[in-house]
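Taking it in order: structure first as structure tokens, then the write-up.
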Amino acid sequence: MSQQQLPSSVLRLVCDSIIENLGEKSLRMLFVQAGLQRYYQNGVLPPNDDTPSITVSELSHLFNIAFQIFGDRGIKPIFLRAGRSNMQHFREHNKTLSALAGAAFKVLPTDAKIKLVLSRSAKLAEELFQAPHRTYDTPEGFFVEISECPYCAGNHADHGICYIPLGFYQEAIRWATSEEYRVDETECIANGGAVCRFQVSRKPNE
Ligand SMILES: [Zn+2]
């Protein structure tokens, strides 16, 4: 497991989403159960900045405990939201992404916008988590594949459970195209897959 440290803002946005949905007591319980109180106790939230913070393997452990405590249905909206807010944060603070807001990007065809925003977002996530990401497209859609996925590591389910990247890529596409596209996790390591794979539809929602 990776001892790579994540920027504190990643953890902070997950914390914010849990507090908004379930309250501060639930957040405290989660960190106690996970044995990770050093990142959250006495009501002091992790700073919303680039300070090196929780390691990738600790975060995977925190996610597993969150599934155990709150259940799949409880955690799904929280993690989707955390994924979206992480995308919003990085597109303002990360040069690779913020560069896409320029005039040159706006005039690209939609398919090119989608490919570019997916590849840049996946590259950012790959560097953050030190987990290989691959992007490609076929007539069926646009794809992101994660091997050694940090979101579901050590977890088991009968369906895809990587809700944070789902929210992250949904928001990336919405930002790039100003339209809603369907994004599905079509294969998940937690469900016996070889990789975690996200598929973006070719056409926006009606
Ligand atoms: Zn996964």
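Nearest 10 degrees, 0 to 90: what angle lies between the long axis of helix 163-177 and the longest principal axis of the chain (Cα atoms)? Helix 163-177 sits roughly 30 degrees off the main axis of the chain. Inter-label distance, ASN42 to ARG182: 5.1 nm, where each label sits 7 Å from its Cα along the C-beta direction.
When the dipole is taken about the Cα centre of segment 133-179, and only Lys, Arg (+1) and Asp, Glu (-1) are charged at their Cβ, what size is it in debye, to the nearest 20? List each step's numbers first, then the result.
Values: 2 positive and 7 negative charges, 25 e Å.
For this selection, approximately 120 debye.
In the chain, the C-alpha radius of gyration followed by the widest Cα-Cα span (Dmax) gives 16.6, 52 angstrom. With an 8 Å cut-off on Cα pairs and a minimum separation of 6 or more residues, tell me the relative contact order of segment 5-204 in percent. Value for segment 5-204: 20 percent.
Given the rule -39500 (n - 2.57) for each run of at least 4 DSSP H residues, summed and divided by the residues of the chain, what is its mean residue ellipticity at 222 nm, to the nearest 500 deg cm²/dmol? Mind showing how you got there, number by number?
Numbers: 7 runs with 106 residues, N = 206.
Mean residue ellipticity at 222 nm (helix-derived): -17000 deg cm²/dmol.
The calculated pair-distance distribution of segment 162-206 uses every alpha carbon pair, bins of 5 angstrom beginning at 0, and gives 6, 23, 29, 20, 13, 7, 2 percent.
Compared with the dominant principal axis of the Cα atoms in the chain, helix 56-93 is inclined by about 50°. Cα extents for segment 16-102 along the principal axes, largest to smallest and rounded to whole angstrom: 44, 28, 23. Helix 110-129 axis versus longest C-alpha principal axis of the chain: approximately 30°, rounded to the nearest ten.
Largest mean-square fluctuation among ARG84, ARG12, ARG134, in a Gaussian network model of the chain whose springs join Cα atoms under 10 Å apart, belongs to ARG134.
Bear in mind that the values in this text are calculations on the coordinates, not laboratory data. Note that the coordinates shown come from a computational prediction; the quantities given were computed from them, not determined experimentally. Note that each Cβ is placed from the backbone with ideal geometry, even for glycine, and that neighbours are counted across all protein chains shown.
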